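Below: the structure, in structure tokens.
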Amino acid sequence: MSPAPTPVSYADFYRQSIDQPDAFWAEQAKLIDWFKPFERVCNYDNPPFARWFEGGQTNLCHNAVDRHVKERANQAALIAISTETGTEKTYTFNDLHREVQRMAASLKSLGVQKGDRVLIYMPMVADAAFAMLACARIGAIHCVVFGGFASGSLASRIDDATPKVIVSADAGSRGGKPTPYKHLLDEAIRLAKHKPDAVLLSDRQLAPMDLVAGRDHLWSELRQQHIDAQVPCEPMNSTDISYTIYTSGTTGKPKGVQRDTAGYTVALAASMQHIFGGRAGETFFATSDIGWVVGHSYIVYGPLIAGMATIMYEGLPTQGLDGQPDGGIWWSLVEKYKVTGMFSAPTAVRVLKKQDPALLKKYDLSSLRALYLAGEPLDAPTARWISEGLNVPIIDNYWQTETGWPLLTVANGVAPMASKFGSPGVPMYGYNVKLLHENTGEELTQPNEKGVVVLDGPTPPGFMQTIWKDDARFVNTYWKSIPGKLVYNTFDWGIRDEDGYYFILGRTDDVINVAGHRLGTREIEESISGHAAVAEVAVVGVADNLKGQVAMAFVVLKDARAVNDPAVSLQLEREIMKQVDGDLGAVARPARVRFVTALPKTRSGKLLRRVIQAVCEGRDAGDVTSMDDPGALQQIKDLMAS
Ligand code: AMP
């Protein structure tokens, strides 16, 4: 291995990561503790499968918790705040160490062993973080499912993950209203073919729970039984699986994005330093949810690995701890906990934009060094508003569940770099980003050409290893979508300007982005098709000022007469929305369901979703000469105008 030159600029740092990846990542690997040193930095003998740090052993929980107990036992580690229940509790690294061991011992007592799956269906409470860390500790694979998902979505994930144990709670809460989970979970287990051996329940006393004898256990009881438990961290091989997390697929079947252990730990440690500029002893506040990748990487693991305190927040950005409206709650927390780095989504900022701007000046925000935003395109007015209000840099970062950490942004921790409004930034170290022509697959080398954003392998540490139990789907979906080339397809359009900054222009597939949540329009269509009155349906994403995009459904009914009866249409619209709520959860509910007698299609019968979308957004529908029935499009135009 040739010695790594000292980087002098981000460009050099980046070049080294691409030209000498082994030297580069061997250096980054020093940021974590190893039980056994690795023998090989990257094994890319079998593309596109990249195996990082082979021969080494480490543990994610050890790096997030145990190694900090020596130096910072009494420092805050996890700060759990719920404006829903008016609770605020700080766990030191010592406390966290104890709670995680109690949870680990409880899971073991329910039969969980290394390699077993544990599905976590939880609201944003500290117990959820204990469960994730406990799994990492004992080498169980956690699969966190977003608490807002309904029984149908949960059941399909149970069947895919086949968990030995499910960890859940009586309820979540939103806007002061409890959202009971237990009956959704019971229904999901009933629907699923696979049955877990046990269910471990956190009882928040928000909703009644019927316990199933022999299967359901209360965490409060097991915790008590294991109050002094000492459970060592399992030495994990570098490439052992740490977790899976689901992203919607274009075919509706959930894709379990699978991550390794060592690569992920190194990637997070490196990103906390180079991208988020986080230092041990400081506080990080990511407002996402543990059900999403941001929650995994930057609520739970990343800040803890860096020895920082992390805030876990349950609640709206506009409600105070006393349950009263308070548009300044987040800023009051920044002041109180001296938050240095904050991570949120543009959609949350757009909500805050409606609040009194004086709230931004009410608190001492001098600890804050930057606000990081990701998950959807950051529009310039939102970026400007919040940047002027906070007086700190607003750092857009583009990534995906699959990548695990930012792919495009600026790495101010390496060398300060200017941001450009509308651009997430430049390729991050380790990512060999390219733009390809959509039809020919040729690489686009000139500035400002629009192409598909792809990556050349090997993908960096922390990137998905594969799709859980489905290597073929991983290769075919992500790596073989461009004929003749083995490249990872992000399925996003992008352009690169003359300075090397990228701009993301939206998805190339049928995925839409509602308030930072990625949803497959086909999944929503499948759910709506399940309604007895529906003959055909098209769902498209339509630009929305607040949420970025919303889903809009156009439905052809089996009995066309209902189209002309406003009372019947209203009733059916409600029923269809309820159906989607039941199958997928309220996040996927269309903003409107409109009824038409035909859908715009090509002569070959292909649904013209992009044409429908253009009409809904008041744009020119482009060339529609291939359309089968122009009257179908006119109906949608009329509906949108009405
Ligand atoms: P998810 O895996 O659910 O986080 O969704 C990833 C997708 O969200 C990406 O493929 C993009 O389409 C979109 N996305 C994420 N971050 C950004 C960003 N900063 N700018 C534009 N789009 C983004």
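The values are calculated or read from the model by the stated rules, or taken from the named source; none is laboratory data. Quantities reported herein were computed from a predicted structural model and do not represent experimental measurements. Note: ideal-geometry Cβ built from the backbone for every residue, glycine included; neighbour counts use all protein chains shown. Accessible surface is based on the protein model in full, side chains and every heavy atom, while ligands, DNA and RNA are left aside. Shrake-Rupley method; radii C 1.70, N 1.55, O 1.52, S 1.80 Å.
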Can you sort 228, 583 by solvent-accessible area, 1.4 Å probe, largest first?
228, 583
Hull surface over four for the Cα convex hull of segment 2-109, reported in nm², is 11.7
Could you tell me which of rounded, prolate or oblate describes segment 211-281, using a ≥ b ≥ c as the square roots of the eigenvalues of the alpha-carbon gyration tensor, with rounded for a/c under 1.5 and, failing that, prolate when a/b is larger than b/c and oblate otherwise?
oblate
Can you pull the semi-axes for segment 493-580, root of five times each eigenvalue of the Cα gyration tensor, sorted largest first, whole Å?
34, 12, 11
Would you work out the charge dipole size for the chain about its Cα centre, treating the Cβ of every Lys and Arg as +1 and the Cβ of every Asp and Glu as -1, and quote it to the nearest 20 debye?
440
Using the Karplus curve 6.51 cos²θ - 1.76 cosθ + 1.60 with θ = phi - 60°, work out ³J(HN,Hα) for each residue of segment 117-128 in order, rounded to whole Hz, and write x for Gly and Pro.
9, 10, 8, 10, 10, 9, x, 7, 10, 4, 3, 5
Rounded FRET efficiency, nearest 0.05, which uses the C-beta distance separating residue 639 from residue 19 and R0 of 60 Å
0.65
Using only the alpha carbons of segment 279-424, what is the convex hull's orientation-averaged projected area in square nanometres?
8.3
List the residues, sorted by chain then number, that are 5 or more residues from residue 277 or on another chain and whose placed amide H is less than 5 Å from its amide H.
413
Show me the ranking of peptides 490-501, 37-48 by mean Cβ neighbours inside 10 Å, starting with the highest.
490-501, 37-48
With the Cα gyration tensor of segment 324-394 giving a ≥ b ≥ c as the square roots of its eigenvalues, does the rule (a/c under 1.5 for rounded; else a/b larger than b/c for prolate; else oblate) give rounded, prolate or oblate?
oblate
Once Lys and Arg get +1 and Asp and Glu get -1 on their Cβ, which of 386, 311, 345 lies farthest toward the positive end of the dipole of segment 289-394?
386
Do any trypsin sites (Lys or Arg not before Pro) in segment 180-253 lie in a loop, going by DSSP, with at most 16 other beta-carbon atoms within 10 Å of their beta carbon, and if so which?
193, 215
Of 566-576, 523-533, 452-462, ordering from highest average Cβ density within 10 Å down gives 452-462, 523-533, 566-576
List the residues of segment 432-476 whose backbone N lies under 15 Å from a point placed 7 Å from the Cα of residue 415 along the Cα-to-Cβ direction.
none
Skip the ligands, DNA and RNA, and give the accessible area per residue of the chain with a 1.4 Å probe, whole Å².
39
Looking at segment 73-155, which trypsin sites (Lys or Arg not before Pro) are DSSP coil and have at most 13 other C-beta atoms within 10 Å of their C-beta?
114
Over 37 Å, how big is the tail of the calculated P(r) for the chain, in percent of all Cα pairs?
35
On a 1.4 Å probe surface of the protein chains, which of 34, 219 comes out largest in accessible area, and what is the full order?
34, 219
Between residue 279 and residue 499, with labels modelled 7 Å along Cα→Cβ, what's the label distance in nm to one decimal, could you check?
2.8
Tell me, how many Å apart are the Cα centres for segment 22-42 and for segment 326-354?
36
Please report the antiparallel percentage of DSSP beta bridges with both residues in the chain, rounded to the nearest 5.
60
Evaluate the Kirkwood expression for the hydrodynamic radius of segment 373-489, namely the inverse of the mean inverse distance over all pairs of different C-alpha atoms, and round to one decimal in Å.
15.9
Carbon and sulfur atoms account, in whole percent of the 1.4 Å probe accessible area of the chain, for 50
Treat each spin label as a single point 7 Å out from the Cα along the C-beta direction, and report the residue 88 to residue 591 distance in nm.
3.6
Starting from the 7 Å offset along Cα-to-Cβ, what nm value, one decimal, do you get for the label separation of residue 177 and residue 46?
5.0
Could you work out [θ]222 nm for the chain from helices alone, using -39500 (n - 2.57) per DSSP H run of at least four and dividing by all its residues? Round to the nearest 500 deg cm²/dmol.
-8000 deg cm²/dmol
